[in-house]
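The values are calculated or read from the model by the stated rules, or taken from the named source; none is laboratory data. Bear in mind that the values here come from a model prediction, so they are computed numbers and not experimental data. Ideal geometry is used to build each Cβ from the backbone, glycine not excepted, and the neighbour counts take in all protein chains shown.
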Amino acid sequence: MFRINGFGTTLLGKTKVDKSDNSYVATEWVTALFFPVVPIRAYRVIRTERSKSFWTGGFPEYQMTPVVLDRKQIVKTYLVWWLPVIVIITIIVALG
(Lines give C-alpha, C1' and ligand atoms only; values in the text may rest on other atoms or scores of the structure.)
Protein backbone atom coordinates (compact mmCIF):
# COMPACT_ATOMS: atom_id res chain seq x y z
CA MET A 1 0.00 0.00 0.00
CA PHE A 2 1.30 3.41 -0.93
CA ARG A 3 -0.11 6.94 -0.99
CA ILE A 4 1.24 10.32 -2.00
CA ASN A 5 -0.81 13.38 -1.03
CA GLY A 6 -3.87 11.20 -0.49
CA PHE A 7 -3.68 9.39 -3.83
CA GLY A 8 -2.80 5.69 -3.94
CA THR A 9 -3.94 2.63 -2.02
CA THR A 10 -4.59 1.89 1.65
CA LEU A 11 -6.27 -0.63 3.95
CA LEU A 12 -9.55 0.40 5.57
CA GLY A 13 -12.03 -1.37 7.81
CA LYS A 14 -11.85 -4.02 10.48
CA THR A 15 -14.53 -6.71 10.37
CA LYS A 16 -14.83 -10.41 11.11
CA VAL A 17 -12.46 -10.16 14.06
CA ASP A 18 -11.17 -13.53 15.26
CA LYS A 19 -10.50 -13.31 19.01
CA SER A 20 -8.28 -16.40 19.03
CA ASP A 21 -5.49 -14.77 17.01
CA ASN A 22 -6.72 -11.12 16.92
CA SER A 23 -6.95 -11.25 13.13
CA TYR A 24 -9.46 -9.22 11.15
CA VAL A 25 -10.57 -8.57 7.56
CA ALA A 26 -9.58 -5.25 5.96
CA THR A 27 -10.19 -3.99 2.43
CA GLU A 28 -7.56 -2.42 0.20
CA TRP A 29 -8.88 0.73 -1.50
CA VAL A 30 -7.75 3.06 -4.25
CA THR A 31 -7.92 6.53 -2.68
CA ALA A 32 -8.22 10.08 -4.00
CA LEU A 33 -7.60 12.92 -1.55
CA PHE A 34 -7.61 10.24 1.18
CA PHE A 35 -11.21 9.21 0.31
CA PRO A 36 -11.83 5.58 -0.69
CA VAL A 37 -12.92 5.34 -4.32
CA VAL A 38 -12.65 1.73 -5.50
CA PRO A 39 -12.20 -1.44 -3.42
CA ILE A 40 -9.47 -3.65 -4.86
CA ARG A 41 -9.23 -6.71 -2.63
CA ALA A 42 -9.59 -7.86 0.97
CA TYR A 43 -7.13 -9.45 3.36
CA ARG A 44 -7.23 -11.31 6.66
CA VAL A 45 -4.66 -9.38 8.67
CA ILE A 46 -2.72 -10.94 11.54
CA ARG A 47 -0.24 -8.92 13.56
CA THR A 48 2.93 -10.85 14.29
CA GLU A 49 5.69 -9.86 16.66
CA ARG A 50 8.97 -8.79 15.20
CA SER A 51 12.18 -8.92 17.18
CA LYS A 52 13.17 -5.50 18.44
CA SER A 53 16.32 -4.42 16.75
CA PHE A 54 17.92 -1.18 15.72
CA TRP A 55 16.81 -1.63 12.09
CA THR A 56 13.15 -2.50 12.68
CA GLY A 57 12.61 -0.15 15.60
CA GLY A 58 10.22 -2.62 17.21
CA PHE A 59 7.51 -1.92 14.65
CA PRO A 60 4.96 -4.73 14.26
CA GLU A 61 4.85 -6.94 11.21
CA TYR A 62 1.61 -8.03 9.56
CA GLN A 63 0.73 -11.24 7.75
CA MET A 64 -1.93 -10.62 5.11
CA THR A 65 -3.84 -13.45 3.46
CA PRO A 66 -6.18 -12.61 0.54
CA VAL A 67 -9.90 -13.29 1.16
CA VAL A 68 -13.16 -12.55 -0.67
CA LEU A 69 -14.35 -8.93 -0.61
CA ASP A 70 -16.93 -8.26 2.12
CA ARG A 71 -19.86 -6.32 0.62
CA LYS A 72 -21.09 -5.08 4.00
CA GLN A 73 -17.67 -3.64 4.77
CA ILE A 74 -17.57 -1.92 1.37
CA VAL A 75 -21.01 -0.34 1.85
CA LYS A 76 -20.13 0.74 5.40
CA THR A 77 -16.87 2.33 4.23
CA TYR A 78 -18.65 4.26 1.46
CA LEU A 79 -21.28 5.48 3.95
CA VAL A 80 -18.78 6.52 6.63
CA TRP A 81 -16.55 8.41 4.20
CA TRP A 82 -18.94 9.78 1.57
CA LEU A 83 -22.28 10.36 3.36
CA PRO A 84 -21.02 13.37 5.35
CA VAL A 85 -19.68 14.93 2.14
CA ILE A 86 -23.00 14.40 0.36
CA VAL A 87 -24.94 15.86 3.32
CA ILE A 88 -22.70 18.94 3.48
CA ILE A 89 -22.96 19.53 -0.27
CA THR A 90 -26.74 19.11 -0.14
CA ILE A 91 -27.00 21.67 2.69
CA ILE A 92 -24.77 24.16 0.83
CA VAL A 93 -26.82 23.77 -2.36
CA ALA A 94 -30.12 24.07 -0.46
CA LEU A 95 -29.01 27.24 1.35
CA GLY A 96 -27.30 28.77 -1.68
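Assessment of region 49-58 against the conditions (at positive phi and either in contact (Cβ under 8 Å) with a residue 12 or more places away in the chain or within 17 Å of the chain's Cα centre (by Cα) (or both)) yields no matching residue. Every condition in (1) at pLDDT below 95; (2) in contact with a Lys or Arg (Cβ under 8 Å, 6 or more places away or on another chain) holds for PHE54 except the one numbered (2). Restricting attention to region 1-48, which residues are among the aromatic types (Phe, Trp, Tyr), over 11 Å from the mean Cα position of the chain (by Cα) and not in a strand (DSSP E or B)? Within region 1-48, just PHE2 meets the criteria.
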